[in-house]
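To start, the structure itself, in structure tokens.
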Amino acid sequence: MYFGVLLTYKITIDLVEIKSNLALLLREMAMKATDNPAKTAATASQETWLETVRSQVASLRFGVVPIDLRDSAVGQIGRSESATRQTTAGKPSTACQKSGGITKQLMKLTIPTNILRRVAVVAIAGSGLLPIAGKADDQSELVQKLLNRIEQLEQKVNGLESGPGVPATAVPSPNTNAVAIQELEQKVKILERNRELDAEAAAAKAKETPKITIGDRGIGVASANGDFSLQLKGVLQVDSRRYFDDGDITGNDGFLVRRARPILQGTVYRDFDFLFVPDFAGSSPQIYDAFVNYRYQPWAQLRGGKFKSPVGLEQLQSDVNTLFNERSLVTDLVPNRDIGFQLWGDIAGGLVSYQAAVLDGVGDARNNTINSGFNDSPEFAGRLFVLPFKNTELTPLQGLGFGVAGSYGFVSSNNPAGLPATTGGTLPGYATVGQQQFFAYNPLVGTVVADGNHWRLSPQAYYYYGPFGLMAEYAISDQRVTRAGTLVLPALSTSLQNTAWQIAASWVLTGEDASFNGVVPRRPFDLANGQWGAFQIVGRYMALDIDDDAFPTFSNPSFSASAASGWSAGLNWYLNRNLRLNVSYSYTTFEGGGGTGVGGGAVAPAIITRQPEQVFFTRVQLSF
């Protein structure tokens, strides 16, 4: 309220000052009619006064400190002009007499401001002084400025007189400002501390809240500190196989569930990982992976359980990342999964990888399903793989890796499980990429068993650069076998050295990077937005050769082929990280076999080796 009174007081002073000055203007106009010796001085004084009035009107400010008109510039000029006129006219000026008591009249001013405005404009316009200041345009501009200024003063007064509903803001004193600043600083400190407390509480709660994730990498739950975790993943592969010109073999065309594997993996107490993978795709469920892994450091880990034997390069590649539906002929000569312990690790961020395993020992391409060893001595397997340029700036060579793997075991139990798998037939032997047996240990007389040393060697390499990928490997499987004796024929033993090799290439048409761990599309399939995922073309050539000493003592050359070679080509469509579609075609030829007659002419491998194998594959794969 005090501020309102002061502001009203100041505005009133401004109005009175304008009124007083206007009165002086009128009086000076009367003096122009007389011939006075002081006329020249009066005219100069009027021009100076007019400039002062313009400055006062243009610079009026609304403050809170009352201004005594007698101390203002206009007041002083008014007194000076009054004194000049008294000297010139010879008697006191009425305006001068009133100027001394103008302060007493401030609060008694009752002249309506709208009338005062009109008087001011008429007085200035009619005084004849405006032309002194400039041209007619300047006159109109000054009149408009005076009208605007007086209008502003009226609005201020009307606002203050409207009542207590209009708040008035007082200018705080320096002491008040200091106190207010201190209070604000205290409030800021309190708010900052409260924020710190909230952050500490949130951090404490986060340490106790489990983390649940659902995404393209599966479903997972983990403790807040990550020491415990559990993930549910899975692989589902639905295939079709269509054989052409196969000699009317029945039962080989059709659809099949190639793999149906729920994957359970996780971590306990930070350093202990586990993996459990059953498979429900076959005629009976099997356990493919089941192990515990102690992770001391990335370069020092110990695994125990059932896992892939560290020999074949393509065999070690994940089932969801292989280029084709089925692996090459090289996989026929290396072990699949075995039971035992393995020391392994990645040195310098994967620059060097090593595996050293002690295992039960299995035959070529076999998966240890008997859950117990059949050897009196274990099998040793190891692998060393390096990427010499991985951590260098030689980008074109960063994806170059090569190594060597092998195994050594001794089979002394005369157990047929030491021989190759029976895939595609009823006897141990080797199968095509179409999963049809082309070689078997099927002598005319007797039974063949593994009996003695069995070693493998597999040099291997791959190269990836941008969308291009290349894989090559070679495998030797040297195994001592024995044909059981009969009443007519004695037992015979020998070491058979079978070999295989492959080279496979790929190119991602959509430009994504190729890698040993598959392709991740940059633009996942989204038909509405015109995104199609990633497309990859693939091709390979492969061959497998059987030791000549296998025939005829350990295998019937009329039925079993002594060699197989073939090529494959295909297109892979990666819709997203989880879905993939494959189409491919494989063509395989054989040397030997294909005979007819009693003792195996109506079954594999004889019916398979009579003509080249031509097979068209498709696959729908879901993995997460």
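The values are calculated or read from the model by the stated rules, or taken from the named source; none is laboratory data. Given the structure is predicted, the values throughout are model-derived calculations rather than measurements. Here the Cβ is made from the backbone with ideal geometry for all residues, glycine too, and neighbour counts use every protein chain on show. What goes into the accessible areas is simple: the full protein's heavy atoms, side chains included, and nothing from ligands, DNA or RNA. Shrake-Rupley method; radii C 1.70, N 1.55, O 1.52, S 1.80 Å.
What number of residues in the range 237-256 are touching a helix residue (DSSP H, G or I) at 6+ places or on another chain (Cβ under 8 Å) and either at negative phi or surrounded by 14 or more Cβ atoms within 10 Å (Cβ to Cβ) (or both)?
Looking only at that region, the number is 1.
Could you tell me whether Phe590 is of a type outside the set (Lys, Arg) and either outside any strand (DSSP E or B) or farther than 20 Å from Gln502 by Cβ (or both)?
The answer is no for Phe590.
Out of all the residues in the range 270-286, is one or more modelled with pLDDT under 95 and in a strand (DSSP E or B)?
Looking through the range 270-286, at least one residue is modelled with pLDDT under 95 and in a strand (DSSP E or B).
When you check Ser560 against the structure, is it open to solvent by 10 Å² or more (accessible area, probe 1.4 Å), touching a strand residue (DSSP E or B) at 6+ places or on another chain (Cβ under 8 Å) and touching a residue at least 12 places away in the same chain (Cβ under 8 Å), yes or no?
Criteria not met by Ser560.
For the range 265-286, what are the residues that are farther than 26 Å from Gly350 by Cβ and without any contact (Cβ under 8 Å) to a residue 60 or more places away in the chain?
Pro278, Asp279, Phe280, Ala281, Gly282, Ser283, Ser284, Pro285
Output the number of residues of the range 288-315 satisfying the condition of being without any contact (Cβ under 8 Å) to a residue 40 or more places away in the chain and in a strand (DSSP E or B).
So the answer is 11.
How many residues are open to solvent by less than 20 Å² (accessible area, probe 1.4 Å), of a type outside the set (S, T, N, Q) and in a strand (DSSP E or B) when one looks only at the range 331-369?
Here the count works out to 6.
Can you run down the residue pairs with Cβ atoms below 7 Å, 6 or more apart or on separate chains, where the first is in the range 611-624 and farther than 30 Å from Ser560 by Cβ and open to solvent by 50 Å² or more (accessible area, probe 1.4 Å) and the partner is part of a strand (DSSP E or B) and of a type outside the set (Lys, Arg)?
From residues that are farther than 30 Å from Ser560 by Cβ and open to solvent by 50 Å² or more (accessible area, probe 1.4 Å), the pairs are Val620/Val238; Val620/Leu581; Leu622/Leu236; Leu622/Leu579; Phe624/Gly218; Phe624/Gly234.
Filter the range 223-236 for residues that are assigned to a strand (DSSP E or B) and in contact (Cβ under 8 Å) with a residue 40 or more places away in the chain; which is most open to solvent (accessible area, probe 1.4 Å)?
Checked the range 223-236; the qualifying residue most open to solvent (accessible area, probe 1.4 Å) is Leu236.
Being out of contact with any strand residue (DSSP E or B) (no Cβ under 9 Å at 6 or more places or on another chain) and either outside any strand (DSSP E or B) or over 22 Å from Pro467 (Cα atoms) (or both): is that true of Gly595 here?
Spelling it out, Gly595 is indeed out of contact with any strand residue (DSSP E or B) (no Cβ under 9 Å at 6 or more places or on another chain) and either outside any strand (DSSP E or B) or over 22 Å from Pro467 (Cα atoms) (or both).
May I ask you to list pairs of residues, at least six apart or on different chains, whose Cβ atoms are under 7 Å apart, with the first in the range 416-433 being surrounded by fewer than 24 Cβ atoms within 10 Å (Cβ to Cβ) and the second being of a type in the set (S, T, N, Q) and at pLDDT below 95?
Leu427/Asn442
Go through (1) surrounded by fewer than 20 Cβ atoms within 10 Å (Cβ to Cβ); (2) over 33 Å from the mean Cα position of the chain (by Cα); (3) over 30 Å from Ala505 (Cα atoms) and name the single condition Lys306 misses.
(1)
Please work out which residue is farthest from Tyr408 (Cα to Cα), limiting yourself to the range 489-514 and to residues that are among the β-branched types (Val, Ile, Thr) and either out of contact with any Gly (no Cβ under 9 Å at 6 or more places or on another chain) or open to solvent by 60 Å² or more (accessible area, probe 1.4 Å) (or both).
Across the range 489-514, the extreme among qualifying residues is Ile503.
Looking only at the range 564-591, count how many residues are surrounded by 19 or more Cβ atoms within 10 Å (Cβ to Cβ) and either of a type in the set (Val, Ile, Thr) or closer than 21 Å to Ser458 by Cα (or both).
The total comes to 3.
When the residues of the range 257-283 are filtered to those that are of a type in the set (S, T, N, Q) and open to solvent by less than 60 Å² (accessible area, probe 1.4 Å), which remaining residue is farthest from Ile219 (Cα to Cα)?
It comes out as Thr267.
I'm checking my understanding of the structure. Among residues of the range 370-391 that are over 29 Å from Thr432 (Cβ atoms), modelled with pLDDT of 95 or more and not aliphatic (A, V, I, L, M), which one is surrounded by the most Cβ atoms within 10 Å (Cβ to Cβ)?
Gly382
Can you work out which of the residues in the range 392-408 that are of a type in the set (Ser, Thr, Tyr) and either in contact with a strand residue (DSSP E or B) (Cβ under 9 Å, 6 or more places away or on another chain) or open to solvent by less than 20 Å² (accessible area, probe 1.4 Å) (or both) is nearest to Met471 (Cα to Cα)?
Per the stated criteria, the residue is Thr395.
Can you name the residue in the range 448-494 that is of a type in the set (A, V, I, L, M) and under 46 Å from the mean Cα position of the chain (by Cα) and is also nearest to Ala405 (Cα to Cα) among such residues?
Residue satisfying both the conditions and the ranking: Leu457.
Somewhere in the range 529-545, is a residue of a type in the set (Asp, Glu), surrounded by fewer than 21 Cβ atoms within 10 Å (Cβ to Cβ) and more than 22 Å from Arg327 (Cβ to Cβ)?
No, because not a single residue in the range 529-545 is of a type in the set (Asp, Glu), surrounded by fewer than 21 Cβ atoms within 10 Å (Cβ to Cβ) and more than 22 Å from Arg327 (Cβ to Cβ).
Here's the yes/no breakdown for (1) closer than 23 Å to Leu329 by Cα; (2) β-branched (Val, Ile, Thr); (3) touching a strand residue (DSSP E or B) at 6+ places or on another chain (Cβ under 7 Å):
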position	(1), (2), (3)
His454	yes, no, yes
Tyr462	yes, no, yes
Phe468	yes, no, yes
Ala472	yes, no, yes
Leu487	no, no, no
Leu492	no, no, yes
Ala500	yes, no, yes
Leu509	no, no, yes
Val520	no, yes, no
